[in-house]
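The values are calculated or read from the model by the stated rules, or taken from the named source; none is laboratory data. Values in this document were obtained by computation on a predicted structure and should not be read as measured data. In this analysis, Cβ positions are derived from the backbone assuming ideal geometry, glycine residues included, and neighbour counts consider all displayed protein chains.
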Amino acid sequence: MRTFEQEKDLFFVDSSTYKLLAEHLKTTVVCPKDEFKGHILYKNFHVSNCHRTWRIQDYDYVIVARPGWYESLSDDLQQLIFQEQRRTGSRLVLGNLLITQKFWRSLTSTTQQKLIHLYDEKIEEIDTRGLPERFQQLHHVFPEEHGGNCFAAALYGVADEPSLLDEWVHSQSFLDMLERNHFKRFDRATKDSVLVFEHDGVVVHACYVIDDEYCFNKSGQTFFNPWHIARIGKVVEDWHDCKVMFFCDPSKLDELVNLGIDDKVVA
């Protein structure tokens, strides 16, 4: 079951806010920004994706508070911290609501799931009839944990190995696995090929071609991003600032499909 539950609350604050809170932090760990970025306990995969830490930039300290610390503060200090979380962009701010651990644990499981659903990526509903069952059964399915990314989803298409779906695969590991499966760069797509999107020389996205209209896709590494069957044109549009490359198994070159895109051109 998807959850925002964590051991501690994290609050991202600037220097001025830290100074105002100093008297209330005598028994609470506070990490300077640089230390937090490399902290193995406070910046694990689940925490990073719940907060979306990669998008939080303009802060100086991270308050690592026991559940209930925030609620023990005065209303004025709570409001100060809330405004800092809104300013810095923590995902655990929803409208006028700050999702702390004490608040989260006070909710029923049904309410928790409804709250998480508000963050879910909206995808196009399509008719999947006639498409391979191994993709149909995953269409619009949300993973229970953060981790599986687009490269893992594409590799599932290549290898037909379900355990790959939950992997967080880096770009070079992805390209190496394509090579081990005898996929090579080609100038056109085939059925069962892989579309690879490159931006400024860095591979940033990939999806698996099912046929000349649809692909198997996952938009990101979080449990808000479902696996889904998508229109190839829609994925290309979403990554319009990228160069598109085709990788395929040479033994299937007799199954060419016309996608109407050129891998030599940045759209």
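Looking at this structure, is residue 102 assigned by TED's automatic domain parsing to the domain that holds residue 44 and on the phi < 0 side of the Ramachandran plot? Considered against the rule, which asks whether it is assigned by TED's automatic domain parsing to the domain that holds residue 44 and on the phi < 0 side of the Ramachandran plot, residue 102 comes out as yes. From (1) at pLDDT below 95; (2) in a strand (DSSP E or B), pick out the condition that doesn't hold for residue 196. Residue 196 satisfies all of (1) at pLDDT below 95; (2) in a strand (DSSP E or B) except (1).
Keeping to the stretch 139-180, report how many residues are free of Cβ contacts under 8 Å to residues at least 60 places away in the same chain and either assigned to a loop (DSSP other than H, G, I, E, B) or of a type in the set (Lys, Arg) (or both).
6
For the stretch 162-208, name all the residues that are over 19 Å from residue 241 (Cα atoms) and of a type in the set (Gly, Ala, Ser). Passing the criteria: 163, 173, 189, 193. Within the stretch 32-53, being closer than 23 Å to residue 120 by Cα and modelled with pLDDT under 90 holds for 43, 44, 45. Within the stretch 237-267, the set of residues being within 16 Å of residue 191 (Cα to Cα), part of a loop (DSSP other than H, G, I, E, B) and modelled with pLDDT of 75 or more comprises just one member, 249. Apart from one condition, residue 185 fits all of (1) part of a loop (DSSP other than H, G, I, E, B); (2) charged (D, E, K, R); (3) over 19 Å from the mean Cα position of the chain (by Cα); the exception is (1).
Test residue 25 against the criterion of being within 18 Å of residue 100 (Cα to Cα) and either of a type in the set (Val, Ile, Thr) or out of contact with any Asp or Glu (no Cβ under 7 Å at 6 or more places or on another chain) (or both), and give yes or no. Walk me through how you get there before you give the answer.
On the way: within 18 Å of residue 100 (Cα to Cα): yes; either of a type in the set (Val, Ile, Thr) or out of contact with any Asp or Glu (no Cβ under 7 Å at 6 or more places or on another chain) (or both): yes.
Here the answer is yes, as residue 25 does meet what is asked.
Of all residues in the stretch 32-73, those being more than 12 Å from residue 11 (Cβ to Cβ), of a type in the set (A, V, I, L, M) and not in a loop (DSSP other than H, G, I, E, B) number 1.
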